[in-house]
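The structure under discussion appears below in the form of structure tokens.
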């Protein structure tokens with residue numbers, strides 16, 4: 001037994017050392033890449049960004065809505081969404097265009113048509129999809145593109161805090177509003193929508209997720225009790241909709257019949273074949289609560305969030321995107337949340353399928369911390385994509401909620417009310433006034449580079465992603481057909497940013513453009529599994545991913561240096577499978593599904609398709 | 001944290017009563033009840049593993065240090081409460097803060113002592129150190145009890161009954177009354193809605209704070225009157241911190257006021273003893 005002075009001195013030394021541990025760990029963890037010049041970034045990381053919105057003739061600044069005056073005191077945080085971007089080739093010219101939403105009353109959305117020479121022209125007004133934020137009809141929150149009538153042209157679904165709209169694409173020449181014919185509801189306060197063929201009948205269906213309850217008109221409040229009833233357990237949000245495509249231009253709302261009945265506050269949804277069944281499962285990232293995962297048993301959904309591990313710990317889900325980050329042929333799911341030093345450390349979630357589990361028994365583990373993609377800030381949109389063509393998927397994440405006065409902070413008041421009982425938190429009148437204060441404002445972004453071995457490193461500042469706007473939507477797209485992924489960022493109350501990606505020539509790539517026949521023509525839900533140099537990577541054509549965004553339809557694979565590609569397996573939503581043996585790097589493979597098989601043609605990156 | 005809220009009260013009850021039920025286990029059972037209700041119904045824990053780690057770390061530290069410095073295996077109810085408090089009140093996606101806070105909590109009882117009495121409520125010490133030194137990794141529990149008022153009411157009523165049985169109800173009651181009074185005062189000063197000022201006390205963090213932390217017999221002064229005055233000061237300093245927008249105001253307030261009160265009492269007692277000797 002030791003009772004003496006020596007033991008007490010040893011104890012004291014250990015005690016002091018343990019107290020110093022957090023400081024040491026903090027110092028050790030500060031390994032973020034610092035700003036470097038482009039050539040250093042190119043040699044060190046294999047790429048760098050140039051922000052080229054001005055030189056691309058894109059001069060778009062998002063405007064936020066002005067809601068009911070009863071919300072004036074907290075307006076910046078309520079009117080904090082609506083900056084969105086989706087990628088589409090609306091006129092089938094082989095070059096990606098951008099549709100960007102605005103949210104000020106009377107403000108115009110923009111369709112930036114790619115002029116093939118590095119510049120863009122806003123043609124939204126000419127084509128009839130600009131003036132969509134009129135008073136009384138609500139304002140835009142986001143859009144997704146899908147060819148719902150299989151005529152070969154991508155149609156536009158616009159979701160709003162207000163009246164959702166469907167615009168039919170008339171051969172790339174004009175858009176016709178067909179919302180009534182489609183049977184869309186009169187008002188939904190939505191922040192997410194995804195096109196997918198849930199019943200695999202060859203026609204695109206549509207999921208639409210409500211945020212505020214649909215009986216709330218944010219411009220004419222009946223009362224101020226429209227806020228979430230809890231910061232982490234809220235179930236008083238908007239309902240969900242699943243619109244089944246009837247094939248005649250109309251849709252039938254079947255969410256309850258199909259097993260989707262929830263009033264959590266949905267902010268992002270992603271659809272993917274997570275179990276390898278051929279059916280598209282639905283993942284919903286909810287604000288103020290747990291995430292939900294709906295297994296799709298060929299048209300009938302069942303919630304499996306708790307069973308799989310993704311739906312237990314409530315956070316503030318604001319993004320849902322999938323990627324095969326370890327080249328295992330399986331999707332991980334990335335959900336962004338809130339982390340604010342000293343106040344709230346939710347951490348973002350990277351849900352990785354657990355080794356040895358699959359099918360209905362699939363389990364997920366949150367490996368965000370282990371892989372160093374946990375702490376972003378007040379995070380919103382994120383997308384996986386191979387930014388340096390090295391053969392592994394990287395992750396681009398935007399952060400920042402309300403950037404107002406740099407020296408004044410609303411976090412104390414926010415944390416005060418967020419812990420309150422439902423009767424307090426749910427009433428906007430109880431919320432302290434923001435008075436021009438910032439709430440997680442001016443935050444840096446993350447560009448996490450994947451080392452392929454289970455670790456990511458943030459290189460945002462080094463590669464030129466240095467803006468501090470309040471980022472919302474991120475979309476990855478090869479804007480200039482160069483075999484690289486450029487990044488487009490929509491910022492709340494801020495400019496649309498175009499980060500042109502400059503990638504070293506050593507790393508190779510290959511792209512796939514799919515067109516369905518038995519499957520929906522957009523090929524949404526189709527997967528390409530590529531095998532090369534002992535690696536395999538799966539990617540899917542998505543009808544919406546991230547936060548209020550949609551990436552390019554074309555699937556882009558980085559391959560690293562001197563790749564030897566074995567094969568590409570294409571699995572269509574119809575169940576058809578097509579394999580290309582020994583595809584060639586540096587090419588865009590255009591693959592058309594045929595009833596019995598599929599065919600493909602090649603085109604060089606900058607070649608325009610004929611006809 | 002409440003290292004045996006009930007322990008000192010247990011010394012007062014007749015032996016036959018203690019044979020029926022050892023009061024020392026009421027507090028651990030109650031906090032376990034809060035944990036289970038909170039997690040099973042609302043998932044308040046970061047994870048089972050992290051909370052288990054906090055509990056195990058506290059218990060192991062207590063066993064080792066008790067053996068080294070007192071030569072015996074100590075009763076573990078106090079360490080259990082400290083561990084479980086860390087497990088509930090600390091929020092971090094990492095594992096290490098849970099272990100570190102628990103170990104520091106228990107160690108503080110052995111290191112930070114004056115005249116044979118430890119100064120800080122153990123879990124208050126461990127949690128505050130982590131909140132202050134590792135804000136990039138750690139936050140405190142700031143969520144509510146679901147969307148319903150009944151869990152809130154049940155825990156307040158049950159907690160009050162238990163704390164009353166332990167003869168510490170006056171401490172909790174004084175603090176709660178002071179909190180409300182200062183909430184109105186803050187609202188008047190800042191112009192914020194009074195509901196916003198009251199909101200924090202409706203959350204589970206305050207339930208643990210009120211029933212376990214501020215009532216800890218080992219780290220509160222001895223006289224009933226001064227116990228009330230000290231928690232009044234805790235609430236007052238908390239108000240000052242809140243007016244300066246300090247997020248973890250109640251925890252920091254107790255961290256500052258609690259040991260100060262203890263030191264004053266120890267100093268007064270030593271002066272009294274000197275006077276008696278003279």
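The values are calculated or read from the model by the stated rules, or taken from the named source; none is laboratory data. Everything quoted here is computed from the prediction, not taken from an experiment. Note that we place each Cβ from the backbone using ideal geometry, even for glycine, and neighbour counts take in every protein chain shown.
Quick notes
- Residue within segment B:158-178 that is closer than 30 Å to residue A:409 by Cβ, crowded, with 21+ Cβ neighbours inside 10 Å and either within 14 Å of another protein chain (Cβ to nearest Cβ) or in contact with a strand residue (DSSP E or B) (Cβ under 6 Å, 6 or more places away or on another chain) (or both) present: no
- Candidates B:84, B:59: the one that is modelled with pLDDT of 90 or more, more than 14 Å from chain A (Cβ to nearest Cβ), closer than 30 Å to residue A:12 by Cα and buried (at least 22 other Cβ atoms within 10 Å of the Cβ) is B:84.
- The listed residues are B:151, B:200, and the only one of them that is assigned to a helix (DSSP H, G or I), under 26 Å from residue A:236 (Cβ atoms) and either more than 7 Å from chain A (Cβ to nearest Cβ) or out of contact with any helix residue (DSSP H, G or I) (no Cβ under 8 Å at 6 or more places or on another chain) (or both) turns out to be B:151.
- Any hit, segment A:64-86, residues being assigned to a helix (DSSP H, G or I), at pLDDT below 95 and loosely packed, with under 13 Cβ neighbours inside 10 Å: no
- Residue B:162 vs. criteria in a helix (DSSP H, G or I), out of contact with any helix residue (DSSP H, G or I) (no Cβ under 6 Å at 6 or more places or on another chain) and farther than 21 Å from residue B:54 by Cβ: no
- You will find that of B:196, B:261, the residue that is surrounded by 19 or more Cβ atoms within 10 Å (Cβ to Cβ), over 15 Å from the mean Cα position of the chain (by Cα) and more than 21 Å from residue A:430 (Cα to Cα) is B:261 and no other.
- Answer residue from segment B:236-258, given it is away from chain A (no Cβ under 14 Å) and buried (at least 23 other Cβ atoms within 10 Å of the Cβ) and is farthest from residue A:409 (Cα to Cα) among those: B:258
- Scanning segment A:405-442 for residues that are in contact (Cβ under 8 Å) with a residue 40 or more places away in the chain, closer than 30 Å to residue A:488 by Cβ and surrounded by fewer than 22 Cβ atoms within 10 Å (Cβ to Cβ) turns up A:411, A:442.
- The one condition from (1) out of contact with any strand residue (DSSP E or B) (no Cβ under 7 Å at 6 or more places or on another chain); (2) at pLDDT 95 or above; (3) under 24 Å from residue A:145 (Cα atoms) that residue A:607 does not meet is (2).
- Subset of segment A:401-419 that is closer than 19 Å to residue A:70 by Cβ and more than 28 Å from the chain's Cα centre (by Cα) - its residue that is farthest from the other protein chains (Cβ to nearest Cβ): A:413
- Criterion: touching a strand residue (DSSP E or B) at 6+ places or on another chain (Cβ under 7 Å), more than 14 Å from chain B (Cβ to nearest Cβ) and either free of Cβ contacts under 8 Å to residues at least 60 places away in the same chain or under 30 Å from residue A:217 (Cβ atoms) (or both) - qualifying residue of A:39, A:103: A:103
- Filter pass, residue A:285 being in a strand (DSSP E or B) and either under 30 Å from residue A:409 (Cα atoms) or without any contact (Cβ under 8 Å) to a residue 40 or more places away in the chain (or both): yes
- Hey, residue A:333 touching a residue at least 60 places away in the same chain (Cβ under 8 Å), over 23 Å from residue B:251 (Cβ atoms) and not in a loop (DSSP other than H, G, I, E, B) or not: yes
- Scanning segment A:94-114 for residues that are within 13 Å of residue A:139 (Cα to Cα) and either surrounded by 24 or more Cβ atoms within 10 Å (Cβ to Cβ) or under 21 Å from the mean Cα position of the chain (by Cα) (or both) yields a total of 5.
- Of all the residues in segment B:25-47, those that are at pLDDT below 80, surrounded by fewer than 20 Cβ atoms within 10 Å (Cβ to Cβ) and assigned to a helix (DSSP H, G or I) number 5.
- Count of residues meeting criterion [assigned to a strand (DSSP E or B) and over 30 Å from residue A:64 (Cα atoms)] in segment A:490-546: 23
- Test result for residue A:471, closer than 25 Å to residue A:387 by Cβ, in contact with a strand residue (DSSP E or B) (Cβ under 8 Å, 6 or more places away or on another chain) and in contact (Cβ under 8 Å) with a residue 12 or more places away in the chain: yes
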